[in-house]
Structures are given as C-alpha cells and as structure tokens.
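Inspection log for the structure reproduced underneath, given as structure tokens.
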C-alpha cells in the first residue's frame, strides 16, 4: 500500500489478565506476529495493556511495576527485526513518580515514552491515586533499566519510516488542555 501513499495501521486488543504481565505480553507477542503477516506498519495497543487498566492499588506495588518494565524489554527484544511502529500502554516509574504511558517501539528500540496528561478522577476512575500527570513534561530524556536517553514528554513528534507522528493517551485526545508554561 505504501506505493499508493497509504499506511496500514492496526489496532490490537489482547485478551489480558489483570496484573499478569507475562500472560499479557504473550498475548501481545501473538498479535504482533499476526500484524506482521498482514504487513501492518503501525500497530497500537490499549492503554495499560501490559498490566491491565484495572490493577487499582496494585499499581503501588514495586513487583508489578518491575515486571512491567521487564516485559517492555522483552517486547523490544522480540521486535528487533520488526520494521513496524508498535505502541504499547504501560505504567512507567521515573524517579519517585509513576506515569500512565504510551511507549513507541520500532526495530527493538524505544523511540519515546509519552505520559498521559489528563488523569480521570471521577465515577469509577481513580487514576490520580496511582499516577502523576504528565502536564508540563516537555522534551526530557529518561532511562529504564535496559535503555538510556529515551525521549519523554507530552510535546514530542517523531519520524519513523518517513511517517511523522505524535501521541495522545486516552482522555488527552478529547479533554481541553491546561495551559503549559515554558519559562
């Protein structure tokens, strides 16, 4: 399809088990393999799909967050020869803050990590209990245990395979943004 100027995009929704990162990533790997067969160029996964969105106070457990990061590394390793932009939702701990993030992976490398800015805190949603808003995080770099100097922020635009893209995580797409000051 590239010769016609189109990009083949896929949205993958794995069957998951809450807080079972190993099971969830097995499901993610299976869907990545199916996407390869269909020659998908950009494959998106749901918010927090590595852990499950409904982990609740388990997000405060070091074991869950460490396992999530370990599984991101395994996705990177498994995708080393995959020229597909893969977007995965997972919690990321930076210093003492936990963020609800989208992680962009291509050919085994993390291109960027985008923290969610608008955390719902109404009805059945309690994200502010567990996560830090990404508001005001502009063009920083962060390190994970296996990857260094990863672009991290809410204002990042990238080029991958001659495709320019940016991210919005869930409510960030439709909620009016708070003013960001860059003094």
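Observations on the structure shown:
- Qualifying residue in the stretch 107-114 (condition: in a loop (DSSP other than H, G, I, E, B), surrounded by fewer than 23 Cβ atoms within 10 Å (Cβ to Cβ), touching a strand residue (DSSP E or B) at 6+ places or on another chain (Cβ under 8 Å) and at pLDDT 95 or above): no
- Subset of the stretch 13-46 [within 15 Å of residue 105 (Cα to Cα) and touching a helix residue (DSSP H, G or I) at 6+ places or on another chain (Cβ under 8 Å)]: 25, 28, 29, 32, 41, 43, 45
- Unmet requirement for residue 119, which otherwise passes all of (1) more than 14 Å from the chain's Cα centre (by Cα); (2) surrounded by fewer than 17 Cβ atoms within 10 Å (Cβ to Cβ); (3) part of a loop (DSSP other than H, G, I, E, B): (2)
- Condition met for residue 92 (closer than 19 Å to residue 35 by Cα, touching a helix residue (DSSP H, G or I) at 6+ places or on another chain (Cβ under 8 Å) and crowded, with 23+ Cβ neighbours inside 10 Å): no
- Total residues in the stretch 54-69, condition out of contact with any helix residue (DSSP H, G or I) (no Cβ under 7 Å at 6 or more places or on another chain) and surrounded by fewer than 17 Cβ atoms within 10 Å (Cβ to Cβ): 7
- Every residue from the stretch 84-98 that is free of Cβ contacts under 8 Å to residues at least 60 places away in the same chain and either more than 10 Å from the chain's Cα centre (by Cα) or not in a strand (DSSP E or B) (or both): 84, 93, 94, 95, 96, 97, 98
- Screening residue 53 against (1) more than 13 Å from the chain's Cα centre (by Cα); (2) more than 28 Å from residue 7 (Cα to Cα); (3) part of a loop (DSSP other than H, G, I, E, B) leaves a single unmet condition, (1).
- Any hit, the stretch 148-160, residues being closer than 14 Å to residue 69 by Cα, more than 15 Å from the chain's Cα centre (by Cα) and modelled with pLDDT of 95 or more: yes
- Test for residue 39: is it surrounded by fewer than 19 Cβ atoms within 10 Å (Cβ to Cβ), at positive phi and in contact (Cβ under 8 Å) with a residue 12 or more places away in the chain: yes
- Some residue of the stretch 55-63 being in contact with a strand residue (DSSP E or B) (Cβ under 7 Å, 6 or more places away or on another chain) and under 22 Å from residue 150 (Cβ atoms): yes
The values are calculated or read from the model by the stated rules, or taken from the named source; none is laboratory data. What you are looking at is a predicted structure, and each value in this text was computed from that prediction instead of being measured. Heads up, the Cβs are rebuilt from the backbone with ideal geometry, glycines too, and the neighbour counts pull from every protein chain shown.
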